[in-house]
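Please treat every number below as a calculation from the coordinates, not as lab data. Bear in mind the structure is a predicted one, so any value in this text is a computation, not a measurement. Reconstructed Cβ throughout: ideal geometry from the backbone, glycine too, with neighbour counts over all protein chains shown.
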Amino acid sequence: MDPSRKRVIRLTLALTAALLLASALVYTSFSAGREELTAAQLLQKAKPGQSYVLAGTVLDGSVHRAGSLLFFRVRDPKLHLSVPVSYTGLVPDPFQQGRGVLVTVDQRGSQFIGEQNSLTTKCPSKYQAASGAA
């Protein structure tokens, strides 16, 4: 076989393998990320033993501590529905009532237990429109 033909075949095989590996990497990256669920979606889909990323707003008046446990309710942004969460671990500085949060939870009975150190807070924009004339 001609040496130049062998090089073309090797190059084609190498490029095909690289393309397949890159496609597998992209697919794995996008499918590995768990989707965020609202309170209503969580109540419909949750199964004991599986973890979910709960997204919503900390309900006003729901935050309290008992020792190292932090209890709060996460409200569905579109419905007047919330789910109770008990959480242990690091609490972000901007965590407060009315603030958007993400927390990984699993269901135990009617309670959702937050995975330790999984709580993140969505910060409001640092930049706000100026009010009034300067």
- Query: Considering the dipole of the chain built from charges on the beta carbon (Lys and Arg +1, Asp and Glu -1) around the Cα centre, which of ILE9, GLY49, SER23 is farthest to its positive end?
  - Reply: ILE9
- Share of pairwise Cα separations in the chain, more than 24 Å, in percent: 49
- Counting lysine pairs in the chain that sit 8 or more positions apart or on different chains, with Cα atoms under 27 Å apart, gives 6
- Message: Using the crude model of +1 on Lys and Arg Cβ and -1 on Asp and Glu Cβ, and no other charge, please compute the dipole size for the chain relative to its Cα centre, in debye to 20.
- Response: 420
- Which value in deg cm²/dmol, rounded to the nearest 500, describes the helix-derived mean residue ellipticity at 222 nm for the chain, given -39,500 (n - 2.57) per DSSP H run of n ≥ 4 and division by the residue count? -9500 deg cm²/dmol
- Simple spin-label estimate for THR88/LEU13, 7 Å along Cα→Cβ, in nm, reads 5.6
- Item | Highest average packing first - 50-59, 78-87, 5-14, Cβ atoms within 10 Å | 50-59, 78-87, 5-14
- Note on the structure: Ordering 103-109, 65-71 by per-residue average of other C-beta atoms within 10 angstrom, highest first, gives 103-109, 65-71
- Message: Quick check: pseudo-label points 7 Å beyond the Cα along Cα→Cβ at SER4 and SER118, how many nm apart are they?
- Response: 6.0
- Message: Given an 8 Å cut-off on Cα distances and at least 6 residues of separation, report the relative contact order of the chain as a percent.
- Response: 20
